[in-house]
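In what follows, a structure is listed as structure tokens, so that the remarks can point back to it.
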Amino acid sequence: MRKILYILQKEFIQIFRDKTMLPMIFGVPIIQLVVLVHAATLEMKSIDMFVVDKDLSSLSAKLVNKFEGSPFYTISGRSFSITDANKEIENNKADVILHIPHGFERNLLREKSSEIQLQIDGINGTAASLINAYSTSVISDFNKNIIVELTQMPQLAEMEPIEIQTSYWYNPELNYKTYMLPGILVILVSIISLFMTAMNIVREKEMGTIEQINVTPIRKHEFIIGKLVPFMIIALFELALGLTIGKLFFHIPVVGSVGLLFGFVLVYLLVVLSIGLLISTLASTQQQVMFISFFFMLVFILMSGIFTPTESMPMWAQKVNIINPFYYFMRVIRMILLKGSRFWDISYEFFSLLIYGSFMLGLAVWRYRKVA
Amino acid sequence: MLKQTENIIEVSNLVKKFGNFTANDDLTFDVKQGEIFGFLGANGAGKTTTLKILSGLSYPTSGKVKVAGFDVYREREKVKKNIGYMSQKFSLYDDLTVKENIRFYGGIYGLPGKYIKEKTDELLRRLKMENIKDSLIKSLPLGWKQKIAFSVAIFHNPGIVFLDEPTGGVDPITRRDFWELIYEASYSGITVFVTTHYMDEAEYCDRVSIMDQGRIEAMDTPALLKKQYNAENMDEVFIRIARKQQL
């Protein structure tokens with residue numbers, strides 16, 4: 001036990017003496033949270049719309065006005081030529097073309113029906129479907145007003161055969177920050193613990209100091225505990241720091257028990273730190289560690305459900321997620337923070353990770369050799 | 001120097017293979033307690049391999065190896081308590097101070113804190129390094145680092161210390177100083193097992209073995225070896241042995 005304390009002492013001296021470590025521990029989380037939470041948004045705030053109004057009637061002007069008046073749209077230009085408009089999309093100057101054909105108003109008045117065309121840049125599928133949804137809702141609103149104006153019967157506007165009232169639970173305003181911040185916290189805590197553990201041990205290999213450790217009578221478990229505990233403490237600190245920032249600056253809800261969250265994270269860290277340790281037994285240079293861990297982290301992050309719901313992934317991907325530790329943490333942190341889940345609700349994730357972690361730690365300890 | 005006849009290292013028929021390559025080919029030798037044993041050979045002769053086996057860093061392919069009375073197969077952890085080791089790759093932490101390095105290694109050998117403190121002060125006084133005790137290792141010249149590394153290797157009073165080319169890359173005066181430390185350790189009863197390819201250092205040893213292509217070609221006191229090969233110095237002895245192999 002005393003030997004472990006000597007290792008811990010040495011690790012902390014080295015960590016705090018390293019000039020790149022302190023900014024990493026304090027700066028990176030703050031920057032990541034502040035920047036990423038704002039940047040990684042799924043909302044569309046400024047849609048550039050190019051208008052081809054061949055009708056030039058009062059109704060077509062009204063429709064364009066409606067878009068112009070919306071905070072989400074900027075009219076990026078107008079023309080009578082659809083070729084010009086297409087060029088704008090090709091040059092990335094516009095996201096969507098609103099094409100109002102000649103006779104739009106006349107058809108609407110005479111035949112009670114008319115057509116317009118929306119051409120949306122589909123390179124980013126998610127953005128395109130959002131633009132479509134926004135635009136459709138603007139147009140249907142316009143539709144309603146037209147009916148009132150044409151029929152002079154305002155009660156028609158209120159008339160809807162079935163009224164849908166949606167209420168979103170746990171995130172009533174669908175605030176994406178509430179959703180993204182816990183997700184980014186997961187990545188932050190995971191990277192710190194997985195990456196730094198692996199880097200730290202391999203650095204000793206590169207320097208040759210590991211050989212000196214290996215000729216001492218120190219036991220494998222003493223060395224491993226001494227190496228893992230500092231990063232466990234730092235990871236927990238990061239989580240606390242991140243939650244504080246989230247609470248103070250983003251007002252994310254903390255419905256559930258913070259104690260439960262930290263308890264779960266301890267089990268989670270067992271898995272991630274063990275993976276880091278395992279990587280360090282496989283790699284002999286820091287460069288190899290970088291490549292191996294970036295590969296795993298990228299797959300883990302993209303499949304974790306931070307941006308896209310895991311339930312909509314194909315079946316095989318959902319199966320693969322059984323071994324993705326990020327996936328469990330991503331679910332649980334949102335469950336606890338937003339929904340107030342209790343231990344019973346997260347017990348599946350908790351025990352899965354406990355088994356997973358014990359297995360990974362066993363594997364890593366077995367792989368770690370004091371003898372070449 | 002007091003000579004004891006007890007063997008502290010016993011090696012018989014040691015073989016170490018890496019695939020098809022035989023690094024150690026049927027080595028048999030003993031090292032007596034308290035002696036300075038020089039393990040000589042050209043680069044790639046297999047010295048470091050033997051040293052790693054003796055210090056428990058590597059498993060032998062076959063053969064029997066006993067260090068400080070313990071079998072390196074079955075009682076590796078007991079062997080480790082009784083040995084010190086200094087590798088040719090420099091083994092102190094660059095980003096720790098002199099004092100922190102000593103405290104760390106003392107600590108993981110399980111020495112009591114108070115003892116570490118007292119012995120550190122005494123050691124720094126002896127090395128005349130009291131004024132640099134709080135300097136980072138990376139700021140020190142190589143010769144100083146080697147002296148500290150050696151002192152750290154014997155800090156826990158092992159019965160035997162293994163030195164793998166401890167004086168590589170420093171000037172002759174610093175090497176001389178370093179050998180003073182080796183003598184001091186030897187006087188205090190520590191057996192010294194040292195690999196080197198500096199033949200002048202071989203003269204300082206009580207006994208030397210000369211290795212070539214994984215085999216021990218000669219083993220005796222420097223004086224007797226010179227006589228046997230009719231040579232002026234160890235340099236000549238070494239060249240004659242290496243030549244013989246080429247013919």
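Brief remarks follow.
- Number of positions in region B:80-131 that are open to solvent by 20 Å² or more (accessible area, probe 1.4 Å) and more than 10 Å from chain A (Cβ to nearest Cβ): 14
- Hey, A:T126 surrounded by fewer than 16 Cβ atoms within 10 Å (Cβ to Cβ), assigned by TED's automatic domain parsing to the domain that holds A:K62 and touching a strand residue (DSSP E or B) at 6+ places or on another chain (Cβ under 9 Å) or not: no
- Test set (1) on the phi < 0 side of the Ramachandran plot; (2) not in a helix (DSSP H, G or I) - A:G305 fails condition number: (1)
- Residue within region A:39-51 that is modelled with pLDDT of 90 or more, touching a Leu at 6+ places or on another chain (Cβ under 7 Å) and either closer than 21 Å to A:N200 by Cα or not in a helix (DSSP H, G or I) (or both) present: yes
- Residue check, B:S186 small (G, A, S), over 22 Å from B:D26 (Cα atoms) and open to solvent by less than 30 Å² (accessible area, probe 1.4 Å): yes
- Residue within region B:17-36 that is modelled with pLDDT of 90 or more and hydroxyl-bearing (S, T, Y) present: yes
- Looking only at region A:1-29, and only at residues there that are buried (at least 17 other Cβ atoms within 10 Å of the Cβ) and more than 16 Å from A:I233 (Cβ to Cβ), the one that is nearest to the other protein chains (Cβ to nearest Cβ): A:Y6
- Test for A:Q32: is it out of contact with any strand residue (DSSP E or B) (no Cβ under 6 Å at 6 or more places or on another chain), away from chain B (no Cβ under 14 Å) and either at negative phi or open to solvent by less than 50 Å² (accessible area, probe 1.4 Å) (or both): yes
- Scanning region A:239-253 for residues that are open to solvent by less than 50 Å² (accessible area, probe 1.4 Å) and either of a type in the set (F, W, Y) or under 25 Å from A:D345 (Cα atoms) (or both) returns A:L239, A:A240, A:G242, A:L243, A:G246, A:F250, A:I252, A:P253.
- Residue match in region B:204-214 (condition: within 30 Å of B:M129 (Cα to Cα) and in contact with a Ser or Thr (Cβ under 9 Å, 6 or more places away or on another chain)): yes
- A:I187 part of a helix (DSSP H, G or I), within 17 Å of A:F291 (Cα to Cα), away from chain B (no Cβ under 14 Å) and open to solvent by 10 Å² or more (accessible area, probe 1.4 Å): no
- Among the residues listed as B:A23, B:A42, the single one being more than 14 Å from the chain's Cα centre (by Cα) and open to solvent by 10 Å² or more (accessible area, probe 1.4 Å): B:A42
- Test: residue in region A:313-335 that is surrounded by 15 or more Cβ atoms within 10 Å (Cβ to Cβ), β-branched (V, I, T) and in contact (Cβ under 8 Å) with a residue 40 or more places away in the chain: yes
- Answer residue from region A:49-79, given it is touching a residue at least 40 places away in the same chain (Cβ under 8 Å) and open to solvent by 50 Å² or more (accessible area, probe 1.4 Å) and is farthest from A:V96 (Cα to Cα) among those: A:S58
- Some residue of region A:347-361 being under 22 Å from the mean Cα position of the chain (by Cα) and of a type in the set (D, E, K, R): yes
- Looking across region B:157-183 at every residue that is in contact with a Gly (Cβ under 7 Å, 6 or more places away or on another chain) and in a loop (DSSP other than H, G, I, E, B), the one that is most open to solvent (accessible area, probe 1.4 Å) is identified as B:V170.
- In region A:201-222, the residues that are buried (at least 22 other Cβ atoms within 10 Å of the Cβ), under 21 Å from A:L5 (Cβ atoms) and more than 7 Å from chain B (Cβ to nearest Cβ): A:I201
- Of all residues making up region A:338-372, the number that are among the aromatic types (F, W, Y), at pLDDT below 95 and open to solvent by less than 50 Å² (accessible area, probe 1.4 Å): 1
- Residue within region A:266-275 that is farther than 23 Å from A:S358 by Cα, over 21 Å from the mean Cα position of the chain (by Cα) and at pLDDT 90 or above present: no
- Of residues in region B:132-149 being open to solvent by 90 Å² or more (accessible area, probe 1.4 Å) and in a helix (DSSP H, G or I), the one farthest from B:L181 (Cα to Cα): B:K138
- In region A:314-346, the residue that is farthest from the chain's Cα centre (by Cα) out of those that are under 10 Å from A:G256 (Cβ atoms) and not in a helix (DSSP H, G or I) is A:R342.
- Residue within region B:221-241 that is within 28 Å of B:K145 (Cβ to Cβ), polar (S, T, N, Q) and free of Cβ contacts under 8 Å to residues at least 60 places away in the same chain present: no
The values are calculated or read from the model by the stated rules, or taken from the named source; none is laboratory data. Keep in mind the model is a prediction, meaning the values are calculated, not measured. Counting neighbours? That spans all protein chains shown, and the Cβs are built from the backbone with ideal geometry, glycine included. Side chains are part of the model used for accessible areas, which takes the heavy atoms of the whole protein and leaves out ligands, DNA and RNA. Shrake-Rupley method; radii C 1.70, N 1.55, O 1.52, S 1.80 Å.
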